[in-house]
1. Using θ = phi - 60° and the Karplus relation 6.51 cos²θ - 1.76 cosθ + 1.60, list the HN-Hα couplings for the stretch 249-259 in order, rounded to whole Hz, with x at every Gly or Pro.
2. Rounded, prolate or oblate: which one fits the stretch 384-479, using the alpha carbon gyration tensor with axes a ≥ b ≥ c (rounded when a/c is under 1.5, else prolate when a/b beats b/c, else oblate)?
3. By how many degrees, between 0 and 90 and to the nearest 10, does the Cα long axis of helix 5-19 differ from the longest principal axis of the chain?
4. Taking the alpha-carbon set of the stretch 133-302, what are its Rg and Dmax in Å?
5. Tell me the per residue accessible area of the stretch 294-402 using a 1.4 Å probe; a whole number in Å² is fine.
6. So if we plug the beta-carbon distance of ILE222 and GLN453 into 1/(1 + (r/R0)^6) with R0 = 60 Å, what FRET efficiency do we get, rounded to 0.05?
7. Suppose a student asked you for the relative contact order of the stretch 131-195, using Cα pairs under 8 Å spaced at least 6 residues apart; what percent would you report?
8. Give me the distance in nm between label points sitting 7 Å out from Cα along the Cα-to-Cβ direction at ASN147 and ASN328, one decimal.
Amino acid sequence: MIKDCITVWDNCLRTIRRNVNTQSFKTWFEPIKPVRLDRNALIIQVPNKFFYEWLEEHYVALLKMTIRQELGEQGKLEYQILMSNNQEKSGDMSIKVPVERGAATAAKSVTGPGAVDTGNIKNPFVIPGIRKLQIDPQLNPSYTFDNFIEGDCNRLARSAGQAVAKKPGGTAFNPLVIFGDVGLGKTHLAQAIGNQVLRSLDSKTVLYVSSEKFTNQIIQSIKNNAVNDFVNFYQLVDVLIVDDIQFLANKQKTQEIFFHIFNQLHQHGKQIILTSDRPPKDLDGMEERLISRFKWGLSADLQAPDLETRMAILEAKMTQEGLDLPQNVTEFICYNIKNNIRELEGVLISLVAQSTLNEREIDIALAKQVIKNFVTQMSKEITVEFIQKLVAEHFDLPVDKLKGQTRKRQIVIARQLSMYLAKNLTNKSLKAIGENFGGRDHSTVIYSCKAVQDLLDTDMIFKDTVSELEKKIKMTLNEV
Ligand code: ADP
Ligand code: MG
């Protein structure tokens with residue numbers, strides 16, 4: 001039986017539909033028209049060259065698979081690009097893309113005079129002629145609010161994010177700027193907002209773009225004389241998420257275009273969500289007028305999570321991955337990885353990998369080994385300085401006070417406790433310990449240890465504090 005192009009393409013679509021989400025299918029595959037079948041080549045028509053590039057960039061593997069399925073190993077796919085005046089150009093214009101080759105080589109196979117030079121144009125998602133905009137939001141669906149664990153470190157940002165997700169463009173948080181150090185969840189939170197909007201507000205168009213990609217698109221659109229298309233496209237978005245805007249620093253042209261897009265969106269009540277590794281006011285190399293706009297809405301920071309939040313995140317991650325680690329190991333990890341949640345996850349994954357590969361049980365010793373790769377500074381033993389640092393942190397005092405002469409009760413207790421812990425947890429002599437406390441003599445250290453012991457015998461709350469501190473000191477790898 002001779003196959004016709006419509007049947008072949010219909011079969012392809014059936015496979016494709018199973019492999020992409022509905023929105024992508026509608027956006028990128030429904031508009032394609034099968035044109036003809038030329039021996040083992042299927043010729044399809046796409047609305048424009050961006051469309052073609054998008055397909056090649058994102059769906060080449062899928063297309064290859066489906067074409068082979070329908071037309072056999074020799075199967076080929078060729079594209080025809082519909083020109084803007086809706087006139088299909090002559091055969092010369094079609095871009096022949098042997099499906100065996102990837103997107104990179106596809107451009108080279110452009111043939112014939114007047115062929116469309118697809119060069120390295122990156123698709124800025126433009127789909128001219130489609131009135132109701134359908135775009136791939138570029139979101140990672142696994143970043144949700146459900147798995148974004150709440151803690152003091154992120155409460156404001158998280159709840160602002162939820163408010164924005166409920167009413168994009170309809171709150172005072174516009175733009176919403178989420179800032180914080182690397183690995184603290186900026187991308188996760190920003191994408192969670194986008195995913196939530198898509199889930200609950202069907203009609204909204206969401207687009208996530210990294211600043212890098214955004215910049216590249218601008219460069220390309222300038223090259224291709226398509227800046228207007230670019231700007232117009234972005235104006236059709238209801239919720240625009242631009243990640244890591246610090247990368248826009250010193251990129252004047254990009255900032256200018258972004259300024260324009262920002263204004264248009266804001267004026268039309270569209271939601272803008274930005275992330276940055278620093279607060280807007282510290283964005284050097286950013287135009288003042290942009291910074292001032294960033295301050296229009298809400299800037300909410302993500303801070304390093306406290307121990308409890310780290311534990312909760314790690315446990316959530318374990319449940320998600322179906323992992324089970326001994327409690328002392330998870331505690332050990334969380335004591336030592338403090339400032340970066342990505343590292344926390346990294347340690348967990350390496351630990352599981354190490355244990356599987358080497359058929360070793362997951363215990364503290366293995367955790368120590370793995371963590372060494374993540375923690376840069378390490379010393380071998382518990383030092384007096386380290387004890388002083390942790391005690392001072394615990395009592396919220398500057399370390400100097402422990403070494404000074406102040407007789408305030410709170411400080412005296414912290415000082416005596418540090419000496420007590422130093423005596424019990426280090427090998428230092430009483431004399432050496434005393435020297436670390438502003439040159440006190442050994443009898444002061446003995447007296448302090450006795451005072452602490454008396455308190456331990458009488459004050460349960462104090463006792464708890466001390467054992468918590470002891471545990472923390474012993475648990476912290478940096479100084480073990
Ligand atoms: P950033 O963009 O700030 O560098 P990411 O958003 O990429 O950080 O987060 C790093 C990793 O930590 C991601 O895997 C993310 O899912 C996870 N993560 C961050 N914050 C949380 C949180 N509060 N709850 C659960 N996972 C989190
Ligand atoms: Mg990020």
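The values are calculated or read from the model by the stated rules, or taken from the named source; none is laboratory data. Source: prediction; values computed, not measured. Cβ atoms come from the backbone with ideal geometry, glycine included; neighbour counts cover every protein chain shown. The protein model used for the area step is the full one, side chains on, heavy atoms only, and it has no ligands, DNA or RNA in it. Shrake-Rupley method; radii C 1.70, N 1.55, O 1.52, S 1.80 Å.
1. Along the stretch 249-259, the couplings run 4, 6, 9, 4, 5, 4, 4, 4, 5, 4, 4 Hz.
2. Rounded, because the longest to shortest axis ratio a/c is under 1.5.
3. The angle comes out near 10 degrees.
4. Rg, Dmax (Cα atoms, Å): 14.8, 48.
5. 54
6. Efficiency at R0 = 60 Å is approximately 0.20.
7. Worked out over the stretch 131-195, it gives 50 percent.
8. About 3.0 nm, to one decimal.
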